[in-house]
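*Asks:* Quick one: the structure is below, and I'll ask about it shortly.
Just so it is clear, none of the values below were taken in a lab; they were calculated from the coordinates. Here the structure is a predicted model, which is why all the values come from computation and not from measurement. All Cβ positions, even for glycine, are placed from backbone atoms using ideal geometry, and neighbour counts span all protein chains on display.
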Amino acid sequence: MKEDCQFLQKRIVGEDDGGKLFTPEEYEQYKKRVLPIRLQNRLYVSWRSPTGMDCKLVGPETPCFCTHRYKQHKTDFEVIPKERPISVPCKVSRCLCRSFNFVPLNGTQPIRCRCKHFADQHSPAPGFPCETCSKCSGFHSCFTCGCGQPTYAHETVVETKEERLAQGKPVGQDVPYAAMGGLTGFSSLAEGYMRLDDSGIGAPSAELLNAPVTSTDHLFLRAFEGPSSSIGAQSQLTDGGASTAMQVSRLRRPEEDDMAYFERQYQARLKQEKAAKQKGKGPASLKN
């Protein structure tokens with residue numbers, strides 16, 4: 001129980017205790033002073049592509065270009081600055097970082113600049129000049145993100161709750177934890193192009209789950225939908241029984257897990273393709 005309380009305190013206090021655990025009195029004073037500010041003036045940090053997709057939602061452990069984590073930057077503001085973009089400076093002593101700037105990794109390795117040196121071989125000072133060579137005018141990487149856009153086309157965005165709501169982006173629930181950044185739920189941990197649920201609020205309603213898949217839905221949903229509506233309509237004209245069987249196979253059975261459901265869909269699709277091939281061979285065999 002004591003360990004749970006200390007873990008919760010660490011989540012709320014973050015790096016503000018300087019590595020030394022607050023006493024109960026100091027902890028209560030900290031909560032009274034900081035939590036109202038944090039709940040009212042939370043900043044949402046994301047790494048955004050030119051298309052507007054949040055490819056990376058920054059959390060407390062997300063590293064900055066300066067190699068320090070987001071929780072080691074100034075994340076609590078009594079008054080949100082009016083200047084844009086909002087600066088989130090690093091609080092580590094002697095660090096030259098003036099604002100949090102996300103840089104992706106290539107697996108577990110830092111990405112390279114066009115000068116062929118790694119990101120951590122560049123200075124975190126404005127402009128990000130290379131510390132190894134004199135020809136580099138500033139960090140510029142062509143590393144391609146999962147969304148298909150190069151790194152240099154992305155930008156680190158720091159915005160308020162109102163600014164995100166105006167764009168229709170998720171803000172999640174108000175939480176007292178330090179340096180939550182853009183995290184609003186478990187889905188926030190996934191990369192932008194893989195994120196099916198942007199809100200992070202949990203499972204959608206049964207009505208939404210049972211709705212038909214359209215061309216505007218996510219790529220993963222369309223991939224499991226099977227033939228398009230035009231092909232489906234044609235199959236209904238040629239073989240209504242096979243089409244009906246395919247539609248029935250797409251229905252989720254009670255107490256059926258995901259793997260069994262998708263395996264059954266796959267087997268039904270194989271049977272339909274096999275039947276279509278046999279029909280195609282029929283007229284040819286008669287001509288021979």
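*Asks:* Segment 79-125: which trypsin sites (Lys or Arg not before Pro) are DSSP loop and have at most 12 other beta-carbon atoms within 10 angstrom?
*Replies:* Answer by residue number: LYS82, ARG94, LYS116.
*Asks:* Would you calculate the separation in nanometres between label points at LYS135 and GLU83, each defined as 7 Å from the Cα along the Cα-to-beta-carbon direction?
*Replies:* Once both label points are built, they end up 3.5 nm from each other.
*Asks:* Any idea how far apart ALA211 and ASP174 come out in nm if each label point goes 7 Å out from Cα toward Cβ?
*Replies:* Result: 2.9 nm between the two label points.
*Asks:* Continuing with the same structure: Just want the ordering: VAL175, VAL34, from fewest to most Cβ atoms lying within 10 Å of their own Cβ.
*Replies:* Numbers: VAL175 14, VAL34 18.
Fewest-to-most Cβ neighbours within 10 Å comes out as VAL175, VAL34.
*Asks:* Under the rule a/c < 1.5 gives rounded, and otherwise a/b versus b/c splits prolate from oblate, where does segment 1-134 land using the Cα gyration tensor?
*Replies:* Prolate is the answer for segment 1-134, as a/c is 1.5 or above and a/b outweighs b/c.
*Asks:* Continuing with this model, one more query. With charges only on Cβ, +1 for K and R and -1 for D and E, what is the dipole size of segment 67-154 about its Cα centre, in debye, rounded to 20?
*Replies:* 100 debye
*Asks:* Sticking with this structure for a sec: Skipping prolines and chain starts, which residues have an amide H placed within reach, meaning under 5 Å, of the one on LYS91, given they are 5 or more residues away or on another chain?
*Replies:* Close amide H contacts, sequence-distant or interchain: HIS73, LYS74.
*Asks:* Could you compute the FRET efficiency for LEU8 and ASP257, with r as their C-beta to C-beta distance and R0 at 41 Å, rounded to 0.05?
*Replies:* The formula returns an efficiency of 0.75 here.
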